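Data block below; observations after.
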Ligand SMILES: [Zn+2]
């Protein structure tokens, strides 16, 4: 089944089914210099959970969306931020009066790292040392990965905030930039997830199933509300 994405100039995105409070994304999905297979992981998680998704449709060499605004990427960044707002409005979690979101929201940003960093079966989660999420949600994710990741990929190594702590821009969705972007406040939690080449290429369905589990667990742990 082809996903009916909303196609823009720099990205394509989908609202999902309007239930799970979060989205998955692949901001470096397009060659040259693509994080190969991250778009496939995004689509698998979206199809199994009904969450929202964002996939870049231009190369990071032309417009890098995982960065602060600069001369080359401004139009793309504004489009990307607008898509996030559109998703939060669709979920009925955006409060336009205070310009914050009113329910816990999970953003999982998938990227690719080389096998040489931690071996062929590894993943690094970046949070800018806890700046892009709450301590509670970071602790929760560390515990859930320690418990669950090896069920999906037995030899996997998972590290947090060591070599790849995430681009500074991942914290903007929570804290804003202090200038042109207000951010969404303390309910917004972003993780930059660097996945080794071998996992992306050979274990795409396993890693997708792991993150589908994480999204649904986040919902039942933090977004528990009978209206959802
Ligand atoms: Zn990347």
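Readers should treat all values here as calculations from the given coordinates under stated rules, not as data from a laboratory. Being a predicted model, the structure only gives us computed values, none of them experimental. Methodologically, a virtual Cβ is constructed for each residue, glycine included, from the backbone with ideal geometry; neighbour enumeration extends over all protein chains shown.
Hey, in the GNM for the chain with a 10 angstrom Cα cutoff, which one of 70, 187, 129 fluctuates hardest?
Sorting by GNM fluctuation, first place goes to 70.
How far is it, in nm, from the label point at residue 5 to the one at residue 85 when both lie 7 Å from their Cα along the line to the Cβ?
Going from the residue 5 label point to the residue 85 one covers 2.2 nm.
Would you mind ranking 38, 157 so that the residue whose beta carbon has the fewest other beta carbons within 10 Å leads the list?
157, 38
Between residue 201 and residue 62, what length comes free when the chain is fully extended (0.36 nm per residue of separation minus the Cα-Cα distance, one decimal in nm)?
Numbers: separation 139, 0.36 × 139 = 50.04 nm, distance 2.46 nm.
Length difference between fully extended and current span is 47.6 nm.
Quick one: 139, 64, 35, fewest Cβ neighbours within 10 Å first, how do they rank?
Result, fewest neighbours first: 139, 64, 35.
Label-point separation (nm) for residue 216 and residue 148, each offset 7 Å from Cα along Cα-to-Cβ?
Spacing of the two 7 Å Cα→Cβ label points: 0.9 nm.
Return one quarter of the surface area of the convex hull spanned by the alpha-carbon atoms of region 83-132, equal to its mean projected area, in nm².
5.0 nm²
Would you mind ranking 33, 202 so that the residue whose beta carbon has the fewest other beta carbons within 10 Å leads the list?
Listed from fewest to most nearby Cβ atoms, that is 33, 202.
Could you give me D for region 79-228, from Stokes-Einstein at 25 °C and 0.890 mPa s, where the hydrodynamic radius is the Kirkwood radius over C-alpha pairs? Units µm² s⁻¹, please.
152 µm²/s
Among DSSP beta bridges whose residues both lie in the chain, state the antiparallel percentage, nearest 5.
35 percent
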